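**Student:** This is the structure, below, for whatever I ask next.
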Amino acid sequence: MPFALQVGLVTLVLAAAVSDLATRRIPNWITLPGALAGIALQAWYGGAQGAIRALGTAALGFAIFMALYLLGGMGAGDVKLFAAVGAFLAPHSLPWVFILTGLLGGVAALALAAARGRLMEVLRRTGHIVAGLGLLRWREVRQASRLDAPNALRLPYGAVIAGGTLLFLAMFH
């Protein structure tokens, strides 16, 4: 991955993480220019094919996180951020970032639940979600994973996406 793409990607995820940690929001003024910068840089290095590849990888990132958003597991800013991250990456790299982000998110969620004294509750709820997914009971999954529930533990997932992305860069670049 060219250095300019790495710098742009790091800048994007760090800005999103800082915003999410400070305000619990990832604004469009971070994600949209980030995605456009990724597409422009991919076009610079790979021509029209680079731009098309960036658009496709951004769309894939959007689709993956949109599914999680529709199930109630994350906010719209997280979806747009992962799409913008995709614009910087090769298609074969995005699944790695997704896996690392998911693993990091699981660890962070368990740590947050333990710190708040709600670990057993979160583990039970996670079991209900997994069972609902396995039985294709989407309504139950959505109900169990609602972020707007009064007692929901909300993880600033923009920071987790940043961590997964930075971990990917450290491991593979």
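The values are calculated or read from the model by the stated rules, or taken from the named source; none is laboratory data. All values derive from a computational prediction rather than experimental measurement. Cβ: placed from backbone, ideal geometry, glycine included. Neighbour counts: every protein chain shown.
**Student:** Counting only residues that are free of Cβ contacts under 8 Å to residues at least 60 places away in the same chain and of a type in the set (Gly, Ala, Ser), how many does the range 49-92 have?
**Tutor:** Number satisfying all stated conditions: 13.
**Student:** Something else about it: Looking at this structure, is ALA152 at pLDDT 85 or above and assigned to a loop (DSSP other than H, G, I, E, B)? Full working, then the answer.
**Tutor:** On the way: at pLDDT 85 or above: no; assigned to a loop (DSSP other than H, G, I, E, B): yes.
Taking the combined requirement at face value, the residue does not satisfy it.
**Student:** Could you list all residues from the range 25-84 that are touching a Pro at 6+ places or on another chain (Cβ under 8 Å), of a type in the set (Gly, Ala, Ser) and buried (at least 18 other Cβ atoms within 10 Å of the Cβ)?
**Tutor:** Filtering the range 25-84 down to residues touching a Pro at 6+ places or on another chain (Cβ under 8 Å) leaves 41, 45, 53, 56-57, 60, 77.
From what's left, of a type in the set (Gly, Ala, Ser): 56, 77.
Selection gives GLY77 alone.
**Student:** Among the residues of the range 114-123, is any closer than 15 Å to THR165 by Cβ and surrounded by fewer than 15 Cβ atoms within 10 Å (Cβ to Cβ)?
**Tutor:** Within the range 114-123, the first condition is being closer than 15 Å to THR165 by Cβ, and the residues that meet it are none.
Scanning the range 114-123, I find no residue that is closer than 15 Å to THR165 by Cβ and surrounded by fewer than 15 Cβ atoms within 10 Å (Cβ to Cβ), so the answer is no.
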